[in-house]
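**Q** Sharing a structure, written as C-alpha cells. Questions coming.
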Amino acid sequence: MALNSKIPEGPIKDKWTDYKNHINLVNPANKRHIDVIVVGTGLAGGSAAATLAELGYNVKAFAYQDSPRRAHSIAAQGGINAAKNYMGDGDSTYRLFYDTVKGGDYRSREANVYRLAEVSANIIDQCVAQGVPFARDYGGLLDNRSFGGVLVSRTFYAKGQTGQQLLLGAYSAMNRQIARGKIEMFNRHEMLDVVKVNGKARGIIARNLITGEIERHSAHAVVIATGGYGNVYYLSTNAMGSNATAAWKIHKKGAFFANPCFTQIHPTCIPRSGDYQSKLTLMSESLRNDGRIWVPKHIEDAKSLQQRKMKPTDIPEENRDYFLERRYPAFGNLVPRDVASRAAKERCDAGFGVNATGEAVYLDFAAAIERYGKTQAKIQNLENPSKEKIYDLGRAIVEEKYGNLFQMYEKIVDEDPYKTPMMIYPATHYTMGGIWVDYNLMTTVNGLYCIGEANFSEHGANRLGASALMQGLADGYFVLPYTIGDYLSNEIRTGKIPTNTPEFDEAENDVKERLNFFINNKGEHSVDYYHKKLGKIMWDKVGMSRNAQGLISAMAEIKELREDFWKNVKVPGKLDEMNPELEKAGRVADFLELGELFAKDALMRNESCGGHFREESVELDGEQKGEAKRNDKEYAFVAAWEYKGEPSAAVLHKEELEFKDIELKQRSYK
Amino acid sequence: MTNNQQLKYMNLTLKIWRQEDSKAKGRMVDYKVTEISEHMSFLEMMDVLNEQLVNKGEDPVAFDHDCREGICGMCSMYINGEAHGPDRGVTTCQLHMRMFKDGDTITIEPFRATAFPVIKDLVVDRSSFERIQQAGGYISVNTSGNTQDANSIPISKHAADEAMDAAMCIGCGACVASCKNSSAMLFVGAKVSQYALLPQGQVEAADRVRNMVAQMDLEGFGNCTNTGACEIECPKGISLENIARMNRELMKASI
Ligand SMILES: Cc1cc2nc3c(=O)[nH]c(=O)nc-3n(C[C@H](O)[C@H](O)[C@H](O)COP(=O)(O)OP(=O)(O)OC[C@H]3O[C@@H](n4cnc5c(N)ncnc54)[C@H](O)[C@@H]3O)c2cc1C
Ligand code: SF4
Ligand code: FES
C-alpha cells in the first residue's frame, strides 16, 4: 500500500482555504442521521466532540476518567502558542510555521504545520469567547510570555494552569451539547478495540469500567484522540492512566504507526527519590529563563554531595561547572529541550550527579535573586542595601514569577528552593510519534481519524513548548470538523450501522478472550512488576542516547519480557466489576508490543535528529564537534510502520518529506 | 531528597473502608504496611499496600487517581477525618508521608455524601457534579473560526485574575465531603463566579445561576450554613467569597 498524504496542490498559504472551498458538505438535515464516535476527550477529543455536535452530528464520546475535565491535558502548565502578533514583535503565520518546522528538526510535513499556524489565532478568539480567563495586562489586553527556541513572545497563558483552563473551556462546550442531547458521554469507559466493516471503521468495543460490561458502539466514523504513549517508560510526566491501547489496537487493525522513536525527554523534572516512585513531576520550562544549571567541577565534590557530606552552597563559584553556558554560549540555559537533557545526562553519566542516586543537576536561582534584588534596590533608591535586603527584594520578584512552581517543588522534595538550588533531571514528557495520518487527519484505515498527541503530525522530531495545546485544539475545533465532513458526505444514505454483525461478534470475542486470560492466569508477578521492567529497558537502551547494540538487545529483552508476561502475569479480582489491575494489565500488554516497535524504529533511523540521538551519528570535528548530526540525504522521511503479526515483523513505509518553503539547515545553538 | 539527613522509615496501621460495589455493605478493614519512606506520596504508600495485596492474591483497594500532581481532581480520600488529609492546600496525591509518624494508625475513607454514592472501596460517583455543569456551566458560543478578535473586549486585569482564581477549582468534591450538610455551594459558586466576572458570561448570567442551583438542589446536596469547612479543606484555595457572589447573582436573577 502506497502512502498518500493527500496534500492539496497550490502555494502553501492558499492550500487550506482552497481545500475548504472545494470539499463536499453534508446538509444539516442529513447530519442528524450520521453518528461519530470520539474516543478521548482531552483538548483534541473534547474540542472535536463539541464542534461536531454543534454542526449537528450525533456524537458518542468516551473517556476512562469519570469526567472529560480530568483528561491529562489538564496538567499542561506553561501556555499555548498563537501567531496573533499582539506584542508587535514581528510574529506572523509564516514565523510560527518556520519555528515549528525548525524546532521539529525538519521532520514534519510542511503543509500540516502551515495550516496549524494559520488557524492558531482562531483558537485564542474561540477560547476567550468561551470565558477562558487568560492572563491580561493592566490595559485589559491579553498578555504573552516567551518560550524556548523562538525569538518572539506568542505564548498565551492562564497562570501556571493553561491546560486546565483550555480543557475546562472545551469541557464547557461539550456540556452544552451533552445537555442538548447531541453528545452522549461515556465516562469511565475504555476502548479495547476498533471494529472494521468492509475496510471502514464502523465502531468500537468498550469496557464499562464500573460494571465490567463489554459494550458495542457503532458509528459512521471513528476518531481516536487518546493522547501520547510516554508511559511506555513507566515513569513519565504523564498521568497514571495515560496509555497507548486505543492507538495500538487501531495499529493492529491497519493504521500505520509513524516515528514511534520520536519522544521528548524534558530536562527540568523533579528527580526520582526511590524505587517506589510512581510518576515524575514536571517543573515548567519557564524556570530556565532565570535558573542557572550546574554541577560541581570536581568529582570529589560530587561524591560528597551524593553522600550528603556537603551542601551545594558549600561549593564556591569557581568550583561550579555551568555546563550549558560552557557548551552553548549563545543560548546558554535556554537551549532546546533535547539539547539540555542530553547535556545533563552526559554530566551525570560522568559521575557529577548531585543527589544520592547520582541522577540530578542543580537549577540555581541565587544569581537571579541577587540580580533582581539589586535592580529593585536601585529602583527604590536604597543606598548600600545589605545582603539580606537585596535577597529579600530579589526573592519577592522570583516569588511573583514562579511562586506556585517553587511551592510545588517544596511540597514534593521538602526543601526550600529559594535557599538551596533545585535538583532536576530529565524525564519522558511527550511523544511526537504516533498514528500516521494524511492531510485530512485520516489514518490508513478509511473513516478512522486520529487527532492530538495520539497522531504523529506536526512536531517532527522535537516539539516546541506550548505547541501541543495549540495542535490539539486546532485539530479538534478547526481542522477535523471540515475534513471529516468531506468523508461523511458519502455516508448520508448508509443508515444506522448495526452492531449485531459478524465483525462486531469477532471483535468482542477477541476482547473477551484476552480479558478472560488475564483473570484466569494464575501467574506470579503483578502487572507493575512488568511495567517497571519494561520502563527500565526503555530508559537504559531506548532513552536519551541510543546505539545499535543497545537497541538490538532492547528488542530482544522486550520480546522476552513480553513472553514472560503472557505466562506469569497475575491479575486479581473479577471481570464484571471495577478492576483497576485488569485495566492496567491490558495497557501494559500493549506497551510491551509498542516498546519493541519503538526500538526497531530507533534502530532503523541511524541519524540523530531532535529527541532521537544516535551515538553513531555525531559531528566529528569543527565547531559542532560532539553534537547531534542529522542526515537529510537518507532520513528526510516519515517512518510509517505497518503491523504484520509481530512488532519485529512490522513493514516500513516511507513518506518522503519535501521542503519547498523552508530551507533545510543544521540547528546550531553554540 | 533531603541533604544531610538520614532517611526515615515508618511502620503504619491502615484502617481502610472496603466495599465491594454500590450495593454491598461496607466495613473498615485493618492493614499493616512497613518500611514506608517519608518521601513517598500518600498514593505511593497505597501502591505499596496494593502490591502487597496482589502478591498475596487478595483484592487490592480501589481508589481514584490519575495525574498525581494535584490538577485532575480524581483523587478523593478522606484521611483521618479530613478530605485530602492533614496537610493544607494539597490533594490526596500531593500529600506526603512525612506528615505522619512511625507507628501511626491512619483511617482512610471515601468522600461521603448522598450525592456521591460509593462505587467501590474508596471510589465514589461524582456524576452529580457533571449534571450541574451541564445545567449551565458554559457560554453558548459555537465554534466558527470567525468569532470576534480576542482583544476586542478589554477585561480589567483585576477581573481576569479574580475569574482565574475561581476557575482553578478542580472539581474534586472535597468541599462537599468536608461539609456537615454536604453542600456543593463552593463548587457551584466557583463556576458561577468565573462567568459572572467576565463580560462574555453576562448574557446568560441569570439563567445560568438559576439552572445550576436548581440542579444542585435536585441532586440532593445540602444547604450552606456558613461553617466554612469547605474553604479550609479546598486544595485550590477557592474562597467563600464565591458563595456570596453566587447568592448575589441568584438574587439578581430572581428580581
Ligand atoms: C505535565 C505536562 C505539562 C505540559 N505542558 C504543556 C504546555 O504548557 N503547553 C503545551 O502546548 N503542551 C503541554 N503539554 C503537552 C500537552 O498537554 C499534551 O500533549 C496534550 O494536552 C494532549 O492532549 P490530547 O487531547 O491529545 O490527549 P489527553 O489530554 O491526554 O487526553 C486523552 C483522552 O483519551 C482518553 N483515553 C485514553 N485512552 C483511552 C481508551 N483506551 N479508551 C477511552 N478513552 C481513552 C482519556 O480519558 C482522555 O480523555 C504538557 C504535558 C504534560 C504531561
Ligand atoms: S471548590 Fe475546592 S474542594 Fe470543591 S471541588 Fe472545587 S477544588 Fe475541590
Ligand atoms: S490524582 Fe490528579 S489531583 Fe490527585
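The values are calculated or read from the model by the stated rules, or taken from the named source; none is laboratory data. Just so we're clear, the structure is a prediction, and the values are computed from it rather than from any experiment. Cβ sites come from the backbone with ideal geometry, for glycine too, and all protein chains shown count toward neighbours. Remember, those area values only see protein heavy atoms, side chains included, never the ligands or the DNA or RNA. Shrake-Rupley method; radii C 1.70, N 1.55, O 1.52, S 1.80 Å.
**Q** Could you tell me which of the pairs A:Lys411/B:Lys120; A:Lys249/A:Lys567; A:Lys182/A:Lys252; B:Lys32/B:Lys120; A:Lys512/B:Lys120; A:Lys279/B:Lys8 are separated by over 26 angstrom between their Cα atoms in the structure shown?
**A** Distance filter (> 26 Å) returns A:Lys411/B:Lys120; A:Lys182/A:Lys252.
**Q** With label points built 7 Å along Cα→Cβ from the Cα atoms of B:Glu51 and A:Lys644, find their separation and express it in nm.
**A** According to this spin-label approximation, the distance is 3.9 nm.
**Q** Show A:Thr93, A:Thr237 ordered by accessible area, largest first, where the area counts protein heavy atoms only and the probe is 1.4 Å.
**A** Working: A:Thr93 40, A:Thr237 10 Å².
Descending accessible area places them as A:Thr93, A:Thr237.
**Q** Would you mind classifying the range B:9-120 by shape? Square roots of the alpha carbon gyration tensor eigenvalues, ordered a ≥ b ≥ c; an a/c under 1.5 is rounded, otherwise it is prolate if a/b is larger than b/c and oblate if not.
**A** It is oblate, given that a/c is not under 1.5 and a/b is not larger than b/c.
**Q** Among A:Lys20, A:Lys374, what's the order by accessible area (1.4 angstrom probe), most exposed first?
**A** A:Lys374, A:Lys20
**Q** A further question follows. Under a Cβ-Cβ cut-off of 12 Å, what is the net charge of the residues other than A:Arg337 that fall near it, where Lys and Arg count +1 and Asp and Glu count -1?
**A** Here the count lands on 0.
**Q** Binning at 10 Å from 0, report for chain B what percent of all alpha-carbon pair distances ends up in each bin.
**A** Spelled out per bin, shortest first, that is 7, 27, 30, 19, 12, 5, 0.
**Q** Would you work out if the protein assembly as shown is rounded, prolate or oblate? Take a ≥ b ≥ c from the square roots of the eigenvalues of the alpha-carbon gyration tensor; rounded if a/c is under 1.5, else prolate when a/b is larger than b/c, oblate otherwise.
**A** Taking the square roots of the gyration eigenvalues as a ≥ b ≥ c, the protein assembly as shown is rounded.
**Q** When the convex hull of the Cα atoms of the range A:306-395 is projected onto a plane and the area is averaged over all directions, what value comes out in nm²? Mind dumping the intermediate values first?
**A** Numbers: hull surface 30.2 nm².
The number I arrive at for the range A:306-395 is 7.5 nm².
**Q** Taking every pair of alpha-carbon atoms in the range B:127-254, what share in percent sits in each 10 Å bin, from 0 to the bin with the longest distance?
**A** Percent of Cα pairs in each bin: 13, 44, 32, 9, 2.
**Q** Separate question: So, taking all protein chains as they sit and a 1.4 Å probe, how much accessible area belongs to A:Lys574, in Å² rounded to tens?
**A** Looks like 100 Å² after rounding.
**Q** Given H placed 1.01 Å from N in the peptide plane, which residues other than close sequence neighbours of A:Val197 have an amide H under 5 Å from its amide H?
**A** A:Arg202
**Q** Continuing with the same structure: Under 1.5 on a/c is rounded, so check that first for the range A:589-665, then, if it is not, pick prolate when a/b is larger than b/c and oblate when it is not; a ≥ b ≥ c are the square roots of the alpha carbon gyration tensor eigenvalues.
**A** Details: a/c = 3.07, a/b = 1.59, b/c = 1.92.
It is oblate, given that a/c is not under 1.5 and a/b is not larger than b/c.
**Q** Going highest first, how would you order A:113-124, A:423-434 by mean Cβ packing within 10 Å?
**A** A:423-434, A:113-124
**Q** Turning to a different aspect of this structure: Simple spin-label model, 7 Å along Cα-to-Cβ: B:Thr227 to B:Ser140 in nm?
**A** 3.9 nm
**Q** How many angstrom lie between the C-alpha centres of the range A:462-508 and the range B:20-71?
**A** 38 Å
**Q** Heavy-atom accessible area of A:Met408 with all protein chains present, probe 1.4 Å, nearest 10 Å²?
**A** We get 40 Å² for A:Met408.
**Q** Under a GNM of chain B (C-alpha, springs under 10 Å), which listed residue has the highest mean-square fluctuation: B:Asn11, B:Asn226, B:Asn146?
**A** Highest fluctuation of the listed residues: B:Asn146.
**Q** Heavy atoms only, probe 1.4 angstrom, no DNA, RNA or ligands counted: give me B:Asp207, A:Asp125 ranked by accessible area, highest first. Intermediate results must be reported in sequence, preceding the final value.
**A** Working: B:Asp207 85, A:Asp125 15 Å².
From most exposed to least exposed: B:Asp207, A:Asp125.
**Q** Gain in length, A:Phe517 to A:Thr313, computed as 0.36 nm per residue apart minus the alpha-carbon separation, to one decimal in nm?
**A** Full extension of this stretch gives 67.8 nm more.
**Q** Which whole-number percent gives the relative contact order of the range A:528-606, counting Cα pairs below 8 Å spaced six or more residues apart?
**A** Normalised by residue count, the contact order of the range A:528-606 is 42 percent.
**Q** Here is a further query. With contacts defined as alpha carbon pairs under 8 Å and 6 or more residues apart, what's the relative contact order of chain A in percent?
**A** 20 percent
**Q** Grab the beta carbon distance between A:Thr357 and A:Glu560, set R0 = 35 Å, and tell me the FRET efficiency rounded to 0.05.
**A** Given R0 = 35 Å and the Cβ-Cβ separation, E is 0.85.
**Q** Net charge near B:Asp47: determine it from the other residues with C-beta under 12 Å of the C-beta of B:Asp47, scoring Lys and Arg +1 and Asp and Glu -1.
**A** -1
**Q** Using a 10 Å cut-off around each Cβ of peptide B:47-56, what is the average number of partner chain Cβ atoms that fall inside?
**A** 4
**Q** How high is the FRET efficiency between B:Glu35 and A:Asp576 when r is their beta carbon distance and R₀ equals 25 Å, given to the nearest 0.05?
**A** 0.10
**Q** For the range B:1-128, which whole percent of the accessible surface, found with a 1.4 angstrom probe, sits on carbon and sulfur atoms? Before the final figure, lay out the partial values.
**A** Working: 2290 of 4870 Å².
Heavy-atom surface of the range B:1-128 belonging to carbon and sulfur, 1.4 Å probe: 47 percent.
**Q** Between the alpha-carbon centers of the range A:54-94 and the range A:152-182, tell me the distance in whole angstrom.
**A** If we compute the Cα centre of each part, the gap is 6 Å.
**Q** To the nearest 500 deg cm²/dmol, what mean residue ellipticity at 222 nm is calculated for chain A from DSSP H runs of n ≥ 4 alone, each contributing -39,500 (n - 2.57), summed and divided by the residues?
**A** Values: 19 runs with 247 residues, N = 670.
Calculated at 222 nm, the ellipticity per residue is -11500 deg cm²/dmol.
**Q** To continue, here is another question. Between B:Phe63, B:Phe100, B:Phe116, where does the largest GNM mean-square fluctuation fall for chain B, given springs only between Cα atoms within less than 10 Å?
**A** Greatest mean-square fluctuation among the candidates belongs to B:Phe100.
**Q** Partner chain Cβ atoms within 10 Å, averaged over the residues of A:170-181 - can you pull that number for me? All intermediate terms of the calculation are to be shown ahead of the outcome.
**A** On the way: counts 1, 5, 11, 6, 3, 9, 9, 2, 5, 8, 1, 0.
Mean number of neighbouring Cβ atoms from other chains: 5.
**Q** If each residue of separation counts as 0.36 nm, what is the full-extension length gain between B:Lys15 and B:Ile255 once their alpha-carbon separation is subtracted?
**A** 81.3 nm
**Q** Between A:Leu141 and A:Glu9, with labels modelled 7 Å along Cα→Cβ, what's the label distance in nm to one decimal, could you check?
**A** It works out to 4.2 nm between the two label points.
**Q** Buried accessible area between B and A (1.4 Å probe, both chains summed, ligands and nucleic acids excluded), in Å² to the nearest 100?
**A** For chain B against chain A, roughly 6900 Å² becomes buried.
**Q** Within 10 Å, count the other beta carbons around each residue, average over each peptide in A:131-141, A:529-539, and list them highest first.
**A** Listed from highest to lowest mean packing, they are A:529-539, A:131-141.
**Q** Something else: Name the residue, out of B:Gly145, B:Gly222, B:Gly173, whose mean-square fluctuation peaks in a Gaussian network model built on chain B with Cα pairs under 10 Å.
**A** B:Gly145
**Q** So, by mean Cβ neighbours within 10 angstrom, what's the order for B:228-234, B:187-193, A:386-392 with the highest one leading? Mind showing how you got there, number by number?
**A** Details: B:228-234: 19.1, B:187-193: 27.7, A:386-392: 13.6.
Those peptides, ordered most packed to least, come out B:187-193, B:228-234, A:386-392.
**Q** State the antiparallel share, in %, of DSSP beta bridges confined to chain A, rounding to the nearest 5. Before the final figure, lay out the partial values.
**A** Numbers: 45 of 65 bridges.
Of those bridges, close to 70 percent are antiparallel.
**Q** If you average the sequence gap of Cα pairs under 8 Å that are 6 or more apart and divide by the length of chain B, what percent do you get for the contact order?
**A** Normalised by residue count, the contact order of chain B is 19 percent.
**Q** Within 10 Å of each Cβ in B:209-220, how many Cβ atoms from other chains are there, averaged over the peptide?
**A** 0
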